[in-house]
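**Student:** First the structure, which I've put down as structure tokens, then a few questions once you've had a look.
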């Protein structure tokens, strides 16, 4: 099965500049910038400060949790109802994941692209988790630890299945 991210990239490259949902992209970027600004403003108003240098453990935990949560949002079958207004189902992608493509035009299409691309969604997830580390570090680290544990479990399931196939 072809990877949807690769197909989406090739389709994007073939589109003429006026076919891309530039206004939709601008709207999505505007929402991200407004959210980041609101978080920064709230941090300033409440006296919260960014760490001088984030701990290596927090960065590693943030990376693994962002990976898992971005795949959960963009690929998992159970979250497909959230994506459905913006995406169209294409095919199963194996191991409880789906391939979907953006639907519609303008902002709807841009949101569909965001919700089908784990790399794109990862920026939003990492931003949200980083904000959580500023405002509720203990709760956020706990949630990131759960997501990291699930990611580790996923890799162990895949390794176990691969070992079973090799032994057969």
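**Student:** Express in nm, to one decimal, how much length is gained between residue 89 and residue 163 on full extension, taking 0.36 nm for each residue of separation and deducting their alpha carbon distance.
**Tutor:** Values: separation 74, 0.36 × 74 = 26.64 nm, distance 3.07 nm.
Difference between extended and current length: 23.6 nm.
**Student:** Still on this structure, please answer the following. What nm value, rounded to one decimal, do you get for the distance between residue 101 and residue 53 when each label is placed 7 Å out toward the C-beta?
**Tutor:** Roughly 4.9 nm, to one decimal.
**Student:** At a threshold of 8 angstrom on Cα-Cα distance, excluding pairs fewer than six apart, so keeping six or more, what relative contact order does region 4-167 reach in percent?
**Tutor:** Reported relative contact order: 29 percent.
**Student:** Let me ask something else. Which of (i) 2.10; (ii) 1.18; (iii) 1.08 is the computed Cα Rg over 2.2 N^0.38 Å for the structure on display?
**Tutor:** (ii)
**Student:** Additional query: Quote the relative contact order of region 68-145 in percent (integer), defining contacts as alpha-carbon pairs under 8 Å separated by 6+ residues.
**Tutor:** 27 percent
**Student:** Follow-up. Which one, 32, 89, 155, has the greatest fluctuation when you compute a Gaussian network model over the chain with C-alpha springs under 10 angstrom?
**Tutor:** 155
**Student:** I'd like the FRET efficiency for residue 33 and residue 156, computed as 1/(1 + (r/R0)^6) with the beta carbon distance as r and R0 of 25 Å, rounded to 0.05.
**Tutor:** The formula returns an efficiency of 0.05 here.
**Student:** What FRET efficiency comes out for residue 135 versus residue 63 if R0 is 22 angstrom and r is the Cβ-Cβ distance? Round to the nearest 0.05. Please report the intermediate quantities before stating the final value.
**Tutor:** Values: r = 20 Å, r/R0 = 0.91.
According to the calculation, E is roughly 0.65.
**Student:** In square nanometres, what is the average projected area of the Cα convex hull of region 82-168?
**Tutor:** So the Cα hull casts an average projection of 7.4 nm².
**Student:** Given the options 93, 56, 147, which has the most mean-square fluctuation in a GNM of the chain, springs set between C-alpha atoms less than 10 angstrom apart?
**Tutor:** Maximum among the listed residues: 56.
Values quoted throughout were computed directly from the atomic coordinates according to the rules given, and no laboratory measurement underlies them. Computed from a predicted model, the values in this text were never measured in an experiment. We place every Cβ from the backbone using ideal geometry, glycine too, and count neighbours over all the protein chains shown.
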